[in-house]
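The values are calculated or read from the model by the stated rules, or taken from the named source; none is laboratory data. Just so you know, these numbers come straight off a predicted model, no measurement behind them. No Cβ is skipped: glycine too gets one built from the backbone with ideal geometry, and neighbour counts run over all protein chains shown.
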Amino acid sequence: MTTEAVAPATSTTGEPEEEQPKRMAMVAWSSDLDRVWPTLILATTAAASGLEVDIFFTFWGLRILQRNDRRVTGSNWMQKAESLVDPGGTDHLRLGKIHFGGAGTTMIKKLAADYKVASPTELLEMAMDIGVRCHPCQMTMDLYGLTAQDFIDGVQPSLGAASFIDMAVKADIQLFI
């Protein structure tokens, strides 16, 4: 068996092209703890491995980016009522399954602490510290009556769906969690 050396790709000037970093684009649509944890674990792992990572937070997933101390948001009664039913912030996440009135969520958080699994709050902070770009969905912001002041520090400017799709189509990996 013979092997041939493959010449590196060259630009139009004849210079070797720089290899572009791998990219991952994710959609976070849920604020259920059992979806947020894998989203943030995969994002931080990918970024720590050298990938460029973008997360598009839409619908209930947008609440992940909300400041923990912002309880009532919105400008009309429907938006305010929605914010009371679905409190934002990583400290208020609940399990989508086996929640059991809070008992299941408390149990899984205790297990995570016992086994040294970073909390969603820690993971989101870590993700942003290592360069994960968190993009709020503008349409969902409008729907919920949220403003940039409702979000944690370091969130990217909002995007529309078309802008995120353009970003995702250029990514090597696309995930919808």
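If we keep just the residues of segment 24-37 that are farther than 17 Å from Met128 by Cβ and at pLDDT 95 or above, which is surrounded by the fewest Cβ atoms within 10 Å (Cβ to Cβ)? The selected residue is Trp29. For segment 144-157, the count of residues that are more than 20 Å from Arg35 (Cβ to Cβ) and in contact with a Lys or Arg (Cβ under 7 Å, 6 or more places away or on another chain) is at least one.
Just a yes or no: is a residue in segment 56-78 among the polar types (S, T, N, Q), more than 22 Å from the chain's Cα centre (by Cα) and within 29 Å of Ala148 (Cα to Cα)? For segment 56-78, residues among the polar types (S, T, N, Q), more than 22 Å from the chain's Cα centre (by Cα) and within 29 Å of Ala148 (Cα to Cα): present. Based on this model, can you work out whether Thr3 counts as farther than 30 Å from Thr140 by Cα, among the β-branched types (Val, Ile, Thr), at pLDDT below 90 and in contact with a Pro (Cβ under 8 Å, 6 or more places away or on another chain)? For Thr3, the condition - farther than 30 Å from Thr140 by Cα, among the β-branched types (Val, Ile, Thr), at pLDDT below 90 and in contact with a Pro (Cβ under 8 Å, 6 or more places away or on another chain) - is not met.
So that you can scan it fast, the table gives a plain yes or no per residue for (1) among the aliphatic types (A, V, I, L, M); (2) surrounded by 13 or more Cβ atoms within 10 Å (Cβ to Cβ); (3) closer than 19 Å to Asn68 by Cβ; (4) touching a strand residue (DSSP E or B) at 6+ places or on another chain (Cβ under 7 Å):
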residue	(1), (2), (3), (4)
Gly102	no, no, yes, no
Met107	yes, yes, no, no
Lys116	no, no, no, no
Pro120	no, yes, yes, no
Arg133	no, yes, no, yes
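The helices (runs of 4 or more DSSP H) found wholly in segment 72-140 and carrying at least 2 residues that are within 26 Å of Met167 (Cα to Cα) and in contact (Cβ under 8 Å) with a residue 40 or more places away in the chain occupy 120-129.
Is it the case that some residue within segment 95-104 is modelled with pLDDT of 90 or more, over 21 Å from the mean Cα position of the chain (by Cα) and of a type in the set (Phe, Trp, Tyr)? So far as segment 95-104 goes, no, none of its residues is modelled with pLDDT of 90 or more, over 21 Å from the mean Cα position of the chain (by Cα) and of a type in the set (Phe, Trp, Tyr). In segment 146-159 there is at least one residue matching the filter, namely being in contact with a strand residue (DSSP E or B) (Cβ under 9 Å, 6 or more places away or on another chain), farther than 30 Å from Pro21 by Cβ, in contact (Cβ under 8 Å) with a residue 40 or more places away in the chain and not β-branched (Val, Ile, Thr).
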